[in-house]
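The values are calculated or read from the model by the stated rules, or taken from the named source; none is laboratory data. Just so we're clear, the structure is a prediction, and the values are computed from it rather than from any experiment. Please note: Cβ atoms are built from the backbone with ideal geometry, for glycine as well, and neighbour counts cover all protein chains shown. Calculation scope for accessible area: heavy atoms of the full protein, side chains included, ligands and nucleic acids excluded. Shrake-Rupley method; radii C 1.70, N 1.55, O 1.52, S 1.80 Å.
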Amino acid sequence: MSKKIGRPIRSNEVVHHIDGDKTHNDDMNLIVVTRSMHKSLHAQLEAIALELVRDGRIVFDGTQYRWAD
């Protein structure tokens, strides 16, 4: 990632995997963000997931979350 952005990753930065898959290291799936922005991105994703639960589009079956039928 350092080569892509032309500098080393700073200590207050992390590489965020847009699709959440840490093994998917395609440049289009990666973005360098500050640690605080990274925390914010994950909070946004969690909020969206919880909204899907409240809307009944995701359900908890007693052991795991899954898409509703």
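With open to solvent by less than 70 Å² (accessible area, probe 1.4 Å), under 30 Å from residue 3 (Cβ atoms) and not hydrophobic (A, V, I, L, M, F, W, C) as the only criterion, which of 25, 29 stands out?
Details: 25 fails: open to solvent by less than 70 Å² (accessible area, probe 1.4 Å).
On inspection, the qualifying residue turns out to be 29.
So which pairs qualify, if the first residue must be in the range 17-30 and within 17 Å of residue 43 (Cα to Cα) and among the acidic types (Asp, Glu), the second must be open to solvent by less than 70 Å² (accessible area, probe 1.4 Å) and in a helix (DSSP H, G or I), the Cβ gap must be under 7 Å, and the two must be at least 6 apart or on different chains?
Qualifying pairs under 7 Å: 19/29.
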